[in-house]
Amino acid sequence: MGSRQSARLPPAIPTPRLTGDIERVAQQLKVQLVEQRATTEADLTKIFASLKKGAVDGMVIISPKLITNFPGQILRLSLEHKIPFGHHRDALVEQGALFSYGPDYVEVGQNIAGYIDRIVKGARPADLPIQQAARLRLVVNLKTARAFGITVPQSLLLRVDQVIE
């Protein structure tokens, strides 16, 4: 594998499909994954403290529980240790994550409202079609990129849905 590394903090019970997807993409990109397990704030602090400066190029956290319970600590440690962090929630980019790439939650909310309306009017949930987000949004925080010494190519900036400065 290549010399680049990315720390990945998996959920307490790893999701095999998601883990497998990340591993496949990492192989394609020749990125070495370093897996660390965390469930508490103390675990997160300990993991970040153990990382050698400059040895990790980025971080993905696949545990919804960690993101939900400790977003401020994750962002603070990411910035302090200069480890870029990406996620699927725009709100984290507004708070300092480098980027997000994920569903358009406004669209998802509108779809949910449509489902609720149909159910309230008598539709059986089992009869409703399964839908997947039709659109993914890419949001980039240029302030964070500058803090990490990352130059975001103009070709990428032309494709983002939102730039945070």
Report whether or not Ala123 is in contact with a Phe, Trp or Tyr (Cβ under 9 Å, 6 or more places away or on another chain), among the hydrophobic types (A, V, I, L, M, F, W, C), more than 20 Å from Val56 (Cα to Cα) and in a loop (DSSP other than H, G, I, E, B).
yes
Which number in (1) outside the structural domain of Ala147 (by TED's automatic domain parsing); (2) under 23 Å from Val160 (Cα atoms) marks the one condition that Val108 misses?
(1)
Residue that is free of Cβ contacts under 8 Å to residues at least 12 places away in the same chain and surrounded by 13 or more Cβ atoms within 10 Å (Cβ to Cβ), where the choices are Arg118, Arg24
Arg118
Test of understanding: among Ala145, Ala113, which residue is assigned to a helix (DSSP H, G or I), of a type in the set (Gly, Ala, Ser) and touching a residue at least 40 places away in the same chain (Cβ under 8 Å)?
Ala145
Which one is surrounded by the fewest Cβ atoms within 10 Å (Cβ to Cβ), of the residues in region 56-71 that are over 22 Å from Arg137 (Cα atoms) and modelled with pLDDT of 90 or more?
Asn69
For Thr19, state whether it is of a type in the set (S, T, N, Q), surrounded by fewer than 17 Cβ atoms within 10 Å (Cβ to Cβ), modelled with pLDDT of 90 or more and not in a loop (DSSP other than H, G, I, E, B).
no
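The values are calculated or read from the model by the stated rules, or taken from the named source; none is laboratory data. Just so we're clear, the structure is a prediction, and the values are computed from it rather than from any experiment. Here the Cβ is made from the backbone with ideal geometry for all residues, glycine too, and neighbour counts use every protein chain on show.
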